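Readers should treat all values here as calculations from the given coordinates under stated rules, not as data from a laboratory. Note that the structure is predicted; figures quoted are calculated from it, not measured. Using ideal geometry, Cβ is built from the backbone for each residue, glycine included, and neighbour counts are taken over all protein chains shown.
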Amino acid sequence: MKTLGFKNYELAPVGNFLGELKLKARASRGRSKLLKLISDKNKEYNEEIDDVRKTYFEADENGDLKVENDNYVLKKGGDTSKLNTELQELMNEKSVIDCTEYLEKFNALCQELLDYPYELDNQAALIYDLLMDKLEKLEKEGN
């Protein structure tokens, strides 16, 4: 099975970066498929964050977390250091995306990004580097 692996905290920035790229044809289709898969994984990650938070914060009768002064209301005896530890562990967990079905499209995306004609700076350049490392590894495994 051919996979891409990202830490959970990398999912949203990579997805946002992909959405900003100017791509055509097969590379654009590869981006669209990858964006969908990343979005699904990010949704799972956010649901897991909510599950952790529900352990530490009070909820109203609808199950929504209570908010006071723009902050969630900590349950009595709630330990924020344990909460932070759990959230940190969740952020750093690896999210694995099965690429087998779209390998050709992801390879086209990789090839297009190798010669990407637009300048990237700061955070975009870092995300580009991360994404290219993953796509190049995937491409080598596919051959």
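Touching a Gly at 6+ places or on another chain (Cβ under 7 Å), within 30 Å of Met132 (Cβ to Cβ) and surrounded by 16 or more Cβ atoms within 10 Å (Cβ to Cβ): is that true of Asn42 in this structure? Yes, satisfied.
Kindly indicate whether Asp133 is without any contact (Cβ under 8 Å) to a residue 60 or more places away in the chain, surrounded by fewer than 12 Cβ atoms within 10 Å (Cβ to Cβ), at negative phi and not aromatic (Phe, Trp, Tyr). Judged against the criteria, Asp133 is a match. For segment 58-74, the candidate set comprises residues that are over 25 Å from the mean Cα position of the chain (by Cα) and farther than 20 Å from Glu47 by Cβ; within that set, the residue that is surrounded by the most Cβ atoms within 10 Å (Cβ to Cβ) is Val73. Looking at segment 84-97, is at least one residue over 16 Å from the mean Cα position of the chain (by Cα), surrounded by 12 or more Cβ atoms within 10 Å (Cβ to Cβ) and farther than 29 Å from Lys134 by Cβ? Within segment 84-97 (the criterion being over 16 Å from the mean Cα position of the chain (by Cα), surrounded by 12 or more Cβ atoms within 10 Å (Cβ to Cβ) and farther than 29 Å from Lys134 by Cβ), the answer is no, since none of the residues qualifies. The condition (being more than 22 Å from Asp129 (Cβ to Cβ) and loosely packed, with under 15 Cβ neighbours inside 10 Å) is satisfied by just one residue among Lys36, Lys22: Lys36. If only residues of segment 102-128 that are of a type in the set (Phe, Trp, Tyr) and crowded, with 16+ Cβ neighbours inside 10 Å are counted, the one that is farthest from Ala12 (Cα to Cα) is Tyr102. Residues that are under 30 Å from Leu103 (Cβ atoms) and aliphatic (A, V, I, L, M) within segment 26-80 comprise Ala27, Leu34, Leu35, Leu37, Ile38, listed in sequence order.
Residues in segment 68-92 that are of a type in the set (Ser, Thr, Tyr) and touching a helix residue (DSSP H, G or I) at 6+ places or on another chain (Cβ under 9 Å): Tyr72, Thr80.
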